[in-house]
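Here is the structure we will look at.
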Amino acid sequence: MKEAVLLLGGLAMLTAIEASAAASPSAAARRALAGMPAPDFTLKALDGRTVRLSDFKGKPLLVNFWATWCRPCRAEIPFLVELSKKYGSSGLEIVGISMDEGEKGRAQVAPFVKQRNVPYLILFGDEAVAAAYDGVPILPQTFFIGRDGKILGSVSGASKTAAMELGAQQAVATAVPGRR
Amino acid sequence: MKTILAAMIGLPAILGFAMSGTPTEHDACADSAGATATKSVADKESPLACDRTALSDTERKRHFDELGPMLRNLKKSVRELPNGYEFEFPGDRATVQLVEEWVAQERACCPFFDINVRLERERGSVWMSLTGREGVKRFIEVEGAEWIKG
């Protein structure tokens, strides 16, 4: 109960922050995704296997768009690793979608992931998946998806640890579909 | 109690996108509002993020793989500032042009930086500072460590 109250308090805080943000067509489009089923995707993983969003059915998910050249993305990775450890036991899955372009760009992903000991799944993104998630105009951008497969919200930019943790908590707190 | 909990679970769905934003939306960050920022700048504060579409693939390669390493090699000294760092470069024309090119791309890609370029008189050094709101200095220290080391 205490946790739920804290969660509500945090949400109120975040709502107040957003109230000062100016509206734009892009923001409006992303708000329209709130509560909607997360767009499915089929992407290649680092190890070559094909991964679909629907493979994570029933699991709370954090989808992080990033790139090796994006310094804020790199700065954010240790915190994502922390979230992965903290909420992994609650079922949270983290999926990093690399937006590195071209053969050369993509070739940098595996060494980077190895060097930084990134423990979560990394997929190679493309413009189609970016478009499905409202273009992903900036990196990093993180979407939180509940166990019901619906988008709970997103965080744009790094260093928003409170918002990121709140998003992870929200995703983990969602009910398993079909259960009461 | 069940109703309250259900409402709590439903609330994030309503408020979920309270956390979203893009540079063009002048998003207000949770960790934003640097004390020295003017109101107009603070109103437009973008997240600590890269604009994915600001640079073409070629420009990005030039920026990160060529210009950055070139400037780091040319760097003469580094000064720590309260909210960032200042880098000294030789004052020759070629270096001035490299700094200009790098700054134009960096500004496009990373709008969260305050960038100042100062050219000393008598063709003295070029000084370029990267500063910003709270968190930016730490960000430079972590992800721009190669710029800071001597």
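The values are calculated or read from the model by the stated rules, or taken from the named source; none is laboratory data. The structure displayed is predicted, hence computed values, not measured ones. No Cβ is skipped: glycine too gets one built from the backbone with ideal geometry, and neighbour counts run over all protein chains shown.
I'm trying to understand the selection: among the residues of the range A:73-98, which are out of contact with any helix residue (DSSP H, G or I) (no Cβ under 7 Å at 6 or more places or on another chain), crowded, with 19+ Cβ neighbours inside 10 Å and not small (Gly, Ala, Ser)?
Listed by number, the residues that qualify are A:73, A:76, A:77, A:80, A:95.
Looking at the range A:128-175, which of the residues that are in contact (Cβ under 8 Å) with a residue 24 or more places away in the chain and of a type in the set (D, E, K, R) is nearest to residue B:49 (Cα to Cα)?
So the residue we want is A:134.
So which of A:157, A:178 is at pLDDT below 95 and over 30 Å from residue B:58 (Cα atoms)?
A:178
Residues in the range B:63-100 that are of a type in the set (S, T, N, Q), in contact with a Ser or Thr (Cβ under 9 Å, 6 or more places away or on another chain) and surrounded by fewer than 13 Cβ atoms within 10 Å (Cβ to Cβ): how many?
The qualifying residues number 1.
Which of the residues belonging to the range A:30-72 are within 14 Å of chain B (Cβ to nearest Cβ) and either charged (D, E, K, R) or exposed (fewer than 14 other Cβ atoms within 10 Å of the Cβ) (or both)?
Matches in the range A:30-72: A:30, A:31, A:32, A:36, A:37, A:71.
Can you name the number of the only condition in (1) touching a strand residue (DSSP E or B) at 6+ places or on another chain (Cβ under 6 Å); (2) under 19 Å from residue A:33 (Cα atoms) that residue A:133 fails?
It fails just one condition, (1).
If I go through the range A:107-119 residue by residue, how many of them are part of a loop (DSSP other than H, G, I, E, B) and either within 17 Å of residue A:167 (Cα to Cα) or of a type in the set (Lys, Arg) (or both)?
1
Take the conditions assigned to a helix (DSSP H, G or I) and either away from chain A (no Cβ under 14 Å) or among the acidic types (Asp, Glu) (or both) and apply them to residue B:99. Does it pass?
For residue B:99, the condition - assigned to a helix (DSSP H, G or I) and either away from chain A (no Cβ under 14 Å) or among the acidic types (Asp, Glu) (or both) - is met.
If you go through the range B:103-150, how many residues are farther than 18 Å from residue A:70 by Cβ and within 14 Å of chain A (Cβ to nearest Cβ)?
Count: 4.
Filter the range A:86-120 for residues that are among the polar types (S, T, N, Q) and touching a Phe, Trp or Tyr at 6+ places or on another chain (Cβ under 9 Å) and give the result.
Residues satisfying the conditions are A:98, A:108.
Take residues that are more than 8 Å from chain B (Cβ to nearest Cβ) and within 13 Å of the chain's Cα centre (by Cα) and tell me which of the strands (runs of 3 or more DSSP E) falling wholly in the range A:121-180 contain 1 or more.
Per the criteria, A:121-124, A:141-145.
What pairs come out if I take residues in the range B:53-66 that are on the phi < 0 side of the Ramachandran plot and pair them with residues that are of a type in the set (Asp, Glu) whose C-beta lies under 6 Å away, six or more apart or interchain?
Within 6 Å, the pairs are B:57/A:101.
Would you pick out the residues in the range B:51-96 that are part of a helix (DSSP H, G or I), at pLDDT 95 or above and among the β-branched types (Val, Ile, Thr)?
B:95, B:96
Could you tell me how many of the residues in the range B:102-131 are in a strand (DSSP E or B) and not hydroxyl-bearing (Ser, Thr, Tyr)?
Here the count works out to 10.
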